[in-house]
Amino acid sequence: MSGEELRSIRHAWLLGGGLTSAICLVNVLSLHHDAPRLGALAPAVWEASSALATLVVFAIPAAVALWTARSLPRGWQVAVAHLGAVVAYSALHVAGFVALRKLAYLGLFHEHYVFGDLSSEFPYEFRKDMMSYGLASILFYLSLRRGRQQAASLVAPALPTFDIQDGARLVRVPIDQILAVRSAGNYVEFVLADSRRPLMRTPLAAIQSDLSEHGFVRSHRSWLVNKAKVTGLRPEGSGDYAVELGDLEAPLSRRFPEALATLRG
């Protein structure tokens, strides 16, 4: 298991153990109140043995929940898995608490513990175990799903990149490292934040269609600028501006009023 899966299962196990312990205590108090002649020791042995066995067989719903979360099986596969798991869960739970009670009775009361007729007692325990298994399965599954969601939220999204075919060489750069793109005859020149200026043989209009969705604005017939990198706008007279991108300046023509509105926005 991954560390995130292990943490999720541990949290669900602890929660399930807390609920089981609370139910165990309530049952002991109820039995002592309803049948005081039994004393408190015998009910404590019954409930504690059942609780301990339950904590062990929690491994079964935990395994099914882990398989479900990882594999995303079909509905019928989940149903078959749960059907087999709940039978195993109940059988091991009953076998576990009977063995613990036999040991406790010999040590504390010096007598043998009698479970009763298996044909009648096991169906009674199975009905209770179905509820216990169902609750445990829900706890483990929800804990695993929550853990995965939290882990996914901590993973930084991958930065979009752009491939520049500079002659025979492919230059792959993060979009946010491109300050501007300018037309250079039959080529376009990419002005990068690290001062590199790779060339690519393509019209500026083609690059504009690729980069406009990433916030690039056509500021001049020969220039595209990255809006996210704009540090200032300086008027140059007659409606023209200089777009400041750190140490780089690009022209903003009055013929592109929509670019001015966008960069001011």
Pairs, first in contact (Cβ under 8 Å) with a residue 12 or more places away in the chain in segment 108-120, second charged (D, E, K, R), C-beta under 9 Å, six or more apart: Y113/R101; Y113/K102; F115/R101; F115/K102; F115/E121
Test: residue in segment 157-172 that is in contact with a Ser or Thr (Cβ under 7 Å, 6 or more places away or on another chain) and over 30 Å from A69 (Cβ atoms): yes
Sole residue being in a loop (DSSP other than H, G, I, E, B), under 19 Å from P174 (Cβ atoms) and in the same structural domain as A168 (by TED's automatic domain parsing), chosen from R196, R254: R196
Candidate set: segment 139-168, residues that are more than 22 Å from L6 (Cα to Cα) and touching a residue at least 24 places away in the same chain (Cβ under 8 Å); chosen: the one surrounded by the most Cβ atoms within 10 Å (Cβ to Cβ): I164
Per-region count, segment 164-203, residues among the acidic types (D, E) and at pLDDT 95 or above: 1
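Residues to consider are R196, R221, R234, R201; find the one that is out of contact with any helix residue (DSSP H, G or I) (no Cβ under 7 Å at 6 or more places or on another chain), within 14 Å of F162 (Cβ to Cβ) and surrounded by fewer than 16 Cβ atoms within 10 Å (Cβ to Cβ). Reasoning before the result, please.
On the way: R221 fails: within 14 Å of F162 (Cβ to Cβ); R234 fails: within 14 Å of F162 (Cβ to Cβ); R201 fails: within 14 Å of F162 (Cβ to Cβ).
Of R196, R221, R234, R201, the one residue that is out of contact with any helix residue (DSSP H, G or I) (no Cβ under 7 Å at 6 or more places or on another chain), within 14 Å of F162 (Cβ to Cβ) and surrounded by fewer than 16 Cβ atoms within 10 Å (Cβ to Cβ) is R196.
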Residue within segment 40-54 that is exposed (fewer than 12 other Cβ atoms within 10 Å of the Cβ) and either farther than 25 Å from Y113 by Cα or not aromatic (F, W, Y) (or both) present: no
Qualifying positions in segment 55-89 - surrounded by fewer than 19 Cβ atoms within 10 Å (Cβ to Cβ) and β-branched (V, I, T): V56, V78, V80, V87
Total residues in segment 224-250, condition over 15 Å from G265 (Cα atoms) and β-branched (V, I, T): 0
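The values are calculated or read from the model by the stated rules, or taken from the named source; none is laboratory data. Model, not experiment: these values are computed from the prediction. Every residue, glycine among them, receives a Cβ derived from its backbone with ideal geometry; neighbour counts consider all protein chains shown.
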